[in-house]
Structures are given as C-alpha cells and as structure tokens.
Amino acid sequence: MNKTNAWNNIPLADYERHMQHESVAQAQLLNDLTCKYVQKYQPESLLFLGISGGNGLEHIDVKKTKSVYGVDINNLYLEETQKRFGEKIKQLVLVNTDISTSNEAFLKADFVWAALIFEYIDIEKGFEFITNNTCEGAKLIITIQSNNGTQSVSQTGVESIKSVKDIFKIVDKDNLQAHALKAGFELIGFGENILPNGKSFLTYEFGRI
Ligand SMILES: C[S@@+](CC[C@H](N)C(=O)[O-])C[C@H]1O[C@@H](n2cnc3c(N)ncnc32)[C@H](O)[C@@H]1O
C-alpha cells in the first residue's frame, strides 16, 4: 500500500472534525447526498469510492442492496468503518487499495458513489477503475468541489489536513464529462449545492452505456 500518500498521514478523527467544522459543513451535505442518490437508485450492488469513515452508509437499505463495497487508500479508515457498520451491514466488504494504480475487478456494481475522490486521483485511472468494477447500465454519481474563488482547503484549526493541499486539485468539469463519455458514461443529471464558505458541490449523475 502507498504509505507515502498524504491521506495515510491524517487521523480519521482529524478528517471528520475538519469536515464537520461549521465553516466547512461538508460532512452533513455529503451524508444528505448519499441518502438522496441511494434512495433514488436503490442499488443491488454498491461501490463507494474513498469511503473514509463510512459517512452515509446508514442510508443503505440492507434488504435491497446485496453487496456493499467500500474502497479507501487508508486502512485505518476502513478498520473504523468496519467497527461502525460491520454489525448492521453484514454484506459490507472493505478494500484497501489505491484507485490510481489498481487494475483489479472486485465486483460488477450497479451503483457507484464517488464524492470528493477525483480531486485526489488520476482522472483516467479513476474511470478505468470504475469501468472494471461496474456492469452495463450502472449509475455513477460523482461529486466534485468548486471553489468559486476561495481556498481549496479551509482553515479549521485541524493541522494534519493541510498535508492533502499538495495533492488536491480542482477537477475541471468539462474534462470530467469528456473522460466520462470516453469511458462509456453518459450524463443523465446534475445538481449544485452551495456551502457556507462560498464553495459548492457539483454532482453529476452518469449512466453506463
Ligand atoms: C475527501 S474524502 C471523500 C469524502 C468521504 N467519502 C466523506 O463522505 O467524508 C477522500 C477519501 O478518499 C481516500 N482516497 C484518496 N486518494 C485515494 C486513492 N488514490 N485510492 C483510494 N482512496 C483514496 C481518502 O483516504 C479519503 O478517505
């Protein structure tokens, strides 16, 4: 595993404190968005990219969703996610891998939730990973951050989170859509949510052709 990746140096408690800080308020919005799209598509087989501590997993209907896969580069995040949700979601499988280098096919998901992950991975490799792990007709939801002229990583007093600044990059929305199309995903929906600090989340819904 890639121990040099900055995400492996951030304690989950720090990450979550940062995301919940009132000036950031991204944790609650991501939770709401997970709820919205999981309920909309009611997947049978779900793949969650960059699952961190499992924010939003409580919205999965364990009777309908037969497999739940979560991927993250930080194994400590996965251990905590297992502790939090392993009892309730018996079909939960957590995979410690680097999306930017993995060529593996773990499942054929019919739904992928990819929120704030493309900011940290190679875009082409990201789509390759998704293609390897989805079936035809799969729905792919990607949320990216739009800074609208503000700093990429907000000041919340959480020091460790600053180390991801160097690997964070704003995802160009046209480039994202072009790569999606090239990988066989057509755009079927879009939404924008404004955050307290003026940033926003852009959420793209794609369907695999
Ligand atoms: C900003 S968080 C994503 C949002 C998160 N799902 C939430 O709701 O709070 C990015 C996550 O992706 C993981 N990650 C970053 N780069 C990765 C990579 N190359 N492969 C796999 N996971 C990665 C990080 O460890 C982190 O948990």
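The values are calculated or read from the model by the stated rules, or taken from the named source; none is laboratory data. Bear in mind that the values here come from a model prediction, so they are computed numbers and not experimental data. Note that each Cβ is placed from the backbone with ideal geometry, even for glycine, and that neighbours are counted across all protein chains shown. In case anyone asks, the SASA skips ligands and DNA or RNA and just uses the protein heavy atoms, side chains included. Shrake-Rupley method; radii C 1.70, N 1.55, O 1.52, S 1.80 Å.
A few comments on the model shown:
- Each of L181 and D98 was given a label point 7 Å from its Cα along the Cα-to-Cβ line. The distance between the two points is 3.2 nm.
- Stretching the chain fully between I188 and Q82 yields a gain of 34.9 nm (0.36 nm per residue, less the alpha carbon separation).
- The residues neighbouring G56, those whose beta-carbon lies less than 15 Å from its own, together hold a net charge of -2 under the Lys/Arg +1, Asp/Glu -1 convention.
- Between T150, T101, T65, the GNM of the chain built on Cα springs shorter than 10 angstrom shows T150 fluctuating the most.
- Whole-angstrom gap from the range 21-54 to the range 69-137, using each part's C-alpha centre: 13
- Surface accessible to a 1.4 Å probe, K108 within the full protein complex, Å²: 120
- Within the same chain, lysines fewer than 8 places from K162 are excluded, and of the rest, those with a Cα less than 29 Å from its Cα are K3, K83, K125, K173, K199.
- Computed on protein heavy atoms with a 1.4 Å probe, the accessible areas place V164, V93 in the order V93, V164, largest first.
- Ordering V62, V171 by accessible surface, largest first, gives V62, V171; the 1.4 Å probe counts only protein heavy atoms, with every chain in place.
- When L47, L29 are compared by accessible surface with a 1.4 Å probe, the order from highest to lowest is L29, L47.
- Vicinal HN-Hα couplings computed from phi for the range 11-27 (Karplus, 6.51 cos²θ - 1.76 cosθ + 1.60; Hz; Gly/Pro x): x, 4, 4, 5, 4, 5, 4, 5, 5, 8, 4, 4, 7, 9, 6, 8, 4
- For the options T156, T81, T143, a Gaussian network treatment of the chain with springs between C-alpha atoms closer than 10 Å singles out T156 as fluctuating the most.
- Two-site FRET efficiency, D174 against K90, from Cβ-Cβ distance with R₀ of 45 Å, rounded to 0.05: 0.60
- R0 of 41 Å, Cβ-Cβ distance K40-T4: FRET efficiency to nearest 0.05: 0.60
- Nonpolar atom fraction for the range 55-209, defined as the carbon and sulfur part of the 1.4 Å probe accessible area, stands at 51 percent.
- With the convex hull drawn around the C-alpha atoms of the chain, the volume per residue stands at 106 Å³.
- This model, with +1 at the C-beta of Lys and Arg and -1 at the C-beta of Asp and Glu, gives the range 6-208 a dipole about its Cα centre of some 420 debye.
- Across the range 139-181, counting alpha-carbon atoms alone, Rg and Dmax equal 13.1, 40 Å.
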